[in-house]
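Please read the structure below before turning to the comments.
The values are calculated or read from the model by the stated rules, or taken from the named source; none is laboratory data. Because the structure is a prediction, the values reported are computed rather than measured. So basically every Cβ, Gly included, is an ideal-geometry build from the backbone, and we count neighbours across all protein chains shown. To get the accessible areas, we keep the full protein, side chains included, count just its heavy atoms, and leave off ligands, DNA and RNA. Shrake-Rupley method; radii C 1.70, N 1.55, O 1.52, S 1.80 Å.
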Amino acid sequence: MKKNIAIKVENLSKQYRLGEIGTGTLSHDLNRFFAKIRGKEDPYSIIGQTNDRTATAKSDYVWALKDINFEVQQGEVLGIIGKNGAGKSTLLKLISQITSPTTGSIKAKGRIASLLEVGTGMHPEMTARENIFLNGAILGMTKKEIKAKFDEIIDFAGCQLYIDTPLKRFSSGMRVRLGFAVAAFLEPEILIVDEVLAVGDAEFQKKAIGKMKDISTGGGRTVLFVSHNMASVKSLCSRAILLENGTVTYEGKVIDVIKYYQDNLVEDNMSFKEWSGDNRPGNEFLKINNIRVEPINGGGIDVESGINLTYEFEHFKENTLLSSTVELSTIEEVVVFHAGCQITPNKDSKYGTYQVKPEIPANLLNCGKYKLRLIFGENSKYLLYQITDILFFEIENSTNKLNSLKLPGIIKPKLNFSTQLL
């Protein structure tokens, strides 16, 4: 492996058996063993189907990853993007040596610190102080080295008051803060960060991204960063790879990869979705029947048309103060607005079907792709149900020549100007 290469992944594949808790059966293990001593290919490596969540299972085996090849240079921040289930977390677990590959190899230079999910590497019964020393020891650091970084870790995590409190009493956000601080400040040569930063608040996410920039540029350390937030990926990473159904479909500059992902793999523009029976999204409190977006005055949806959003749901809980919130985001995960309403003004909700119709005024949103998240609550305190990315739609540019220029920004308001010569 070349000197400036931190990670080299060659022909990496990972296969799982569907519906099994263990790795397989004794008969399958014997078949694999006899094939191996005869110098033959694994008999089950040729029957697994690709990692397509929408397909019907035709085999007992599935390739979570298949023939992955890439290199990461020292000091580089590599973004890994793709839809849910594309294989991103599996890839990071393989690189972190949490699980082993079915075929292929991974070569890495230096210590690897991973932050793959809330509480990774942390013992809930131990205090924050004890967990810091434990993780440092796992990374091969001496007690003196850990002590030298201890105050910085606590300051960054913002948990000075709870340093001797068992981790099980921490909120999920506090655990993420501490876990990230430990992983970043104990100076691993390779830092692997999965979507966990989404748990932290906006202030912490900004600090974490800044810290990752510092350790890659100033410290010369390597970062692998997985996120659905395209704005964060674009801000932090110089290069990215795109995973689809367990394979790398695009690799290159981060701007090019994000554009390819948004143009080709983000769900197609749909102005209407409808469900029925048990297929409806929801839970024991409510089920969503349908959702649609349509222009206020007919025709197509553009910056001057305005949008009528309509969604219907069946409600199963009586005598509650029922509320609903709509969150609109750009395809890059930038939140445009978060607006809600009380569906029942008093605690008198009934069983039955409710319809909600918020209106987005004309001359507000710029052209581009957007997505919707719906949130349902009770008494303005308790979450009943939420669904992300329930609908994708695109706003076209105006057909009016005077307003048809694509301008920067998320909104494109039509302001009333008054001018005078003084």
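Rounded to the nearest 10 square angstrom, MET126 shows an accessible area of 50 square angstrom against a 1.4 Å probe.
In this rough spin-label picture, where each label sits 7 Å from Cα along the Cβ direction, the ILE98-GLU396 distance is 4.5 nm. Among the lysines, which have Cα under 28 Å from the Cα of LYS350 when same-chain residues fewer than 8 positions away are ignored? Output for LYS350: LYS273, LYS287, LYS317, LYS381.
Where both bridge residues fall in the range 291-419, DSSP classifies roughly 100% of the beta bridges as antiparallel.
Using a probe radius of 1.4 angstrom, the carbon and sulfur fraction of the accessible surface of the range 73-195 is 49%. Here is how the number arises for the chain: DSSP H runs of 4 or more residues each give -39500 (n - 2.57), the sum is divided by the residue count, and the result at 222 nm is -7000 deg cm²/dmol.
Using a simple spin-label model with pseudo-atoms 7 Å out from Cα toward Cβ, ASN31 and ARG280 lie 4.4 nm apart. Quick one: angle between helix 254-264 and the longest Cα principal axis of the chain, in degrees between 0 and 90, rounded to 10, please. Compared with the principal axis, the helix lies near 60 degrees. Taking amide H positions as modeled 1.01 Å from N, with prolines and chain starts lacking one, the residues under 5 Å from PHE337 and 5 or more places away or on another chain are LEU328.
Computing FRET efficiency as 1/(1 + (r/R0)^6) for LYS357 and TYR382, where r is the C-beta to C-beta distance and R0 is 35 Å, gives about 0.90. Counted residue by residue at 0.36 nm each, then reduced by the alpha carbon distance between them, the extension gain from HIS228 to ARG38 reaches 63.9 nm. Protein heavy-atom accessible surface, 1.4 Å probe, per residue over the chain: 53 Å². Straight-line reach only, C-alpha to C-alpha below 30 angstrom: list the lysines that LYS147 could link to, leaving out same-chain residues fewer than 8 apart. Straight-distance partners of LYS147: LYS93, LYS109, LYS168, LYS206, LYS207, LYS211, LYS213.
List every residue whose amide H lies under 5 Å from the amide H of GLY158, counting only residues 5 or more places away in sequence or on a different chain, with H placed 1.01 Å from N in the peptide plane. Answer set, sorted by chain and number: none.
Between LYS273 and LYS317, the FRET efficiency from the beta-carbon distance, with R0 = 25 Å, is close to 0.60. Under the shape rule built on the C-alpha gyration tensor, where the axes satisfy a ≥ b ≥ c, the range 298-339 is oblate, since a/c reaches at least 1.5 while a/b does not exceed b/c. Mean-square fluctuations from a GNM of the chain, with a 10 angstrom spring cutoff on Cα atoms, peak among ILE37, ILE241, ILE106 at ILE37. Karplus-based coupling profile of the range 298-309, in residue order and whole Hz: x, x, x, 8, 9, 5, 9, 8, x, 10, 9, 9, with θ = phi - 60° in 6.51 cos²θ - 1.76 cosθ + 1.60 and x standing for Gly or Pro. For the chain, modelled as a GNM whose springs connect Cα atoms under 10 angstrom apart, the maximal fluctuation among LEU161, LEU178, LEU94 occurs at LEU161. Among GLY179, GLY39, GLY246, determine the one that fluctuates most according to a GNM of the chain built with springs between C-alpha atoms less than 10 Å apart. Top of the fluctuation ranking is GLY39. Rounded to the nearest 10 degrees, what's the angle between the helix 172-185 long axis and the longest principal axis of the chain, both from Cα atoms, 0 to 90? It is inclined by approximately 50 degrees.
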